[in-house]
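First the structure, in the form of structure tokens, and then the observations on it.
The values are calculated or read from the model by the stated rules, or taken from the named source; none is laboratory data. Quick caveat: nothing in here was measured; it's all calculated off a predicted structure. Backbone-built Cβ (ideal geometry, glycine too); neighbour counts: all protein chains shown. Just the protein is used for accessible areas: all its heavy atoms, side chains included, with ligands, DNA and RNA removed. Shrake-Rupley method; radii C 1.70, N 1.55, O 1.52, S 1.80 Å.
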Amino acid sequence: MSIRVLEHTPAGLRRAVEALGERGYRADQIIDWVYAKACSDPQKMTNLPDALAGHITVLTSHVVARAASRDGTVKLLLELGDGERVECVGIPARQRVTACVSTQAGCAQGCTFCATGLDGLQRNLTAGEILEQVLNLTDAGGRRVTNVVFMGAGEPLANYDATVSAVRALIDSERFGISARSVTVSTVGLPGAIRRLAGEDLPITLAISLHAPNDALRRELMPAAPPLDDVLAAAATFYARRKREVTLEYVLLAGVNDSTLCAKGLARLAKRLRCNVNLIRYNPVAGVAYARPSEAAARAFLARLRRQGVNAHLRRSRGRDADAACGQLRRRPASHRQRT
Ligand code: SAH
Ligand code: SF4
């Protein structure tokens with residue numbers, strides 16, 4: 001029986017190691033290799049007995065394609081143990097390296113503009129499968145990951161337990177040691193799960209994908225997403241419990257949700273709670289009929305929000321030439337991918 005290291009807390013790993021008849025301190029050695037030394041090959045963990053090294057697994061996935069962008073962004077397509085494929089992206093900046101991770105293979109939400117939503121849900125990822133994306137990106141980029149955003153494929157709060165276990169591992173000083181403030185979970189806004197998350201002792205950032213100022217347009221773009229009133233009420237609970245400002249994400253789709261009227265509607269919603277609005281210009285997806293607005297149109301939308309007193313920002317697109325938008329590398333024909 002193999003021990004999957006990333007699925008365990010340090011205490012759980014100690015128990016698993018002892019169940020194999022080994023001494024508990026061996027778990028500390030494994031933890032040191034995996035998290036402090038960023039070594040994921042058990043055969044290179046030179047102070048472990050061979051028998052134990054043969055019984056542990058760190059990575060269950062391998063890189064099947066990678067795409068690098070001129071700005072340093074690296075996108076990996078990983079194949080999991082059962083052949084499912086997920087993407088993750090590493091985005092370096094001067095002081096930080098942000099990992100964008102997937103929580104599901106596919107997604108059941110079916111948002112009409114999203115490449116991941118086109119094929120439906122294949123399955124949930126385990127906590128370890130979420131975490132190994134961070135290790136693969138560390139390896140590919142050669143730098144430690146400082147920030148993690150749950151903005152890859154899948155709806156994190158529809159895979160609640162694995163998402164929360166992964167977040168706990170990321171902010172655990174014995175494991176990844178990332179500051180909770182540098183971890184962002186993005187959701188379409190599942191009110192029950194947001195309330196549950198508000199009750200966990202996790203001072204992370206919650207990002208809610210709004211994308212529309214009214215329910216009619218929101219249903220058109222995000223057919224499975226709950227009504228705005230319920231989502232915003234749950235977001236207010238999150239703020240009240242955690243005292244962390246919520247981020248509202250709004251993907252600008254040319255001629256669909258970027259009108260003056262939409263800006264006014266969005267400002268009205270945003271002013272109901274303590275939040276920041278993040279505007280993102282749409283990254284076009286092959287076979288999907290939405291278009292990316294011009295930079296000038298996006299700036300005009302931003303200015304309208306700010307004039308109404310909303311704290312808003314226009315997010316810079318990173319890695320556009322690396323197919324960095326959600327789900328796009330996975331959908332690209334294999335012949336167009338850069339082999340590793
Ligand atoms: N399922 C979660 C998290 C993953 S998607 C969610 O929807 O929030 C992360 C963000 O990327 C969401 O705000 C989503 O709407 C946005 N997104 C998806 N496809 C996009 C595209 N082609 N261009 C720009 N943003 C996109
Ligand atoms: Fe799923 Fe998010 Fe894509 Fe919607 S935008 S289909 S919720 S991954």
Ranked from highest to lowest mean number of other Cβ atoms within 10 Å per residue, what is the order of the peptides 27-35, 294-302?
27-35, 294-302
When the chain is fully extended, how far beyond the present Cα-Cα distance does residue 306 get from residue 123, taking 0.36 nm per residue of separation?
61.9 nm
Non-local amide H neighbours of residue 276 (under 5 Å, H modeled in plane, Pro and chain starts lacking H): which ones?
246, 247, 248
Report the extension gain between residue 317 and residue 259 in nm, rounded to one decimal, defined as 0.36 nm multiplied by the number of residues separating them, less their alpha carbon distance.
18.8 nm
With Cα atoms, 0 to 90° folded angle of helix 127-141 axis to the chain main axis:
90 degrees
Based on the mean of other beta carbon atoms within 10 Å per residue, what is the order of 45-56, 222-233, most packed first?
222-233, 45-56
Simple spin-label model, 7 Å along Cα-to-Cβ: residue 233 to residue 25 in nm?
5.6 nm
Can you give me the three principal axis dimensions of segment 62-336 from its C-alpha atoms, in Å, biggest first?
47, 43, 36
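Return a whole-number percent for the relative contact order of segment 138-258, with Cα pairs under 8 Å and 6 or more residues apart as the contact set. The partial results should precede the final answer.
Details: 159 pairs, mean separation 28.4, N = 121.
Relative contact order, segment 138-258: 23 percent.
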Scan around residue 65 for amide H atoms under 5 Å from its own, H built in the peptide plane at 1.01 Å from N, and keep only partners 5 or more places away or cross-chain.
77
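Take every Cα pair under 8 Å in segment 199-287 that's 6+ residues apart, average their separations, divide by the length, and report that relative contact order as a whole percent.
Values: 98 pairs, mean separation 31.4, N = 89.
It comes to 35 percent, rounded to a whole number.
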GNM flexibility winner over the chain from 98, 60, 247 (Cα, springs under 10 Å)
60
For the chain, longest principal axis from Cα atoms; helix 295-307 axis from its Cα atoms; angle between them, nearest 10 degrees, is 80 degrees
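Among 193-200, 149-156, what's the highest-first ranking by average C-beta atoms within 10 angstrom per residue? Could the numbers behind the result be given before it?
Numbers: 193-200: 17.8, 149-156: 25.6.
Listed from highest to lowest mean packing, they are 149-156, 193-200.
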Which ³J(HN,Hα) values, rounded to whole Hz and listed in residue order, are derived for segment 73-81 from phi using the Karplus coefficients 6.51, -1.76 and 1.60 in 6.51 cos²θ - 1.76 cosθ + 1.60 with θ = phi - 60°, glycine and proline given as x?
5, 10, 10, 10, 9, 10, 9, 7, x
Diffing segment 186-192: the Karplus 3J(HN,Hα) column from phi (6.51, -1.76, 1.60, θ = phi - 60°), in whole Hz with x for Gly and Pro, holds 9, 9, 5, x, 9, x, x
Taking only Cα atoms, what is the 0 to 90° angle, nearest 10, from helix 10-19's long axis to the longest principal axis of the chain?
30 degrees
Report the paramagnetic label zone for residue 2: residues of segment 118-143 whose backbone N is under 18 Å from a point 7 Å from Cα along the Cα-to-Cβ axis.
125-136
Counting pairs of alpha carbon atoms under 8 Å apart in space and at least six apart in sequence, what relative contact order in percent does the chain give?
16 percent
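Indicate the gyration tensor shape class of segment 100-164 (rounded, prolate or oblate), computed on the Cα atoms with a ≥ b ≥ c the square roots of the eigenvalues: a/c under 1.5 is rounded; otherwise a/b larger than b/c is prolate and the rest oblate. Could the numbers behind the result be given before it?
Values: a/c = 2.37, a/b = 1.71, b/c = 1.39.
Prolate, because a/c is 1.5 or more and a/b exceeds b/c.
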Given a Förster distance of 41 angstrom, what is the FRET efficiency for residue 215 paired with residue 57, based on the Cβ-Cβ distance and rounded to 0.05?
0.35
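So what is the 222 nm mean residue ellipticity for the chain from helices alone, if each DSSP H run of at least 4 adds -39500 (n - 2.57) and you divide by all residues, rounding to the nearest 500 deg cm²/dmol?
Numbers: 11 runs with 106 residues, N = 340.
Estimated from H runs of four or more residues: -9000 deg cm²/dmol.
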Residue by residue through segment 144-160, the couplings from Karplus 6.51 cos²θ - 1.76 cosθ + 1.60 with θ = phi - 60°, in Hz, x for Gly and Pro, are 5, 6, 10, 9, 10, 10, 8, 10, x, 6, x, 9, x, 7, 8, 10, 4
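How would you classify segment 3-57 from its alpha-carbon gyration tensor, with a ≥ b ≥ c the square roots of the eigenvalues: rounded for a/c under 1.5, else prolate if a/b is greater than b/c, otherwise oblate?
Working: a/c = 1.55, a/b = 1.16, b/c = 1.34.
Judged from the Cα gyration tensor, segment 3-57 comes out oblate (a/c at least 1.5, b/c at or above a/b).
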Keeping all protein chains in place, calculate the accessible area per residue for the chain (probe 1.4 angstrom), answer in Å².
43 Å²
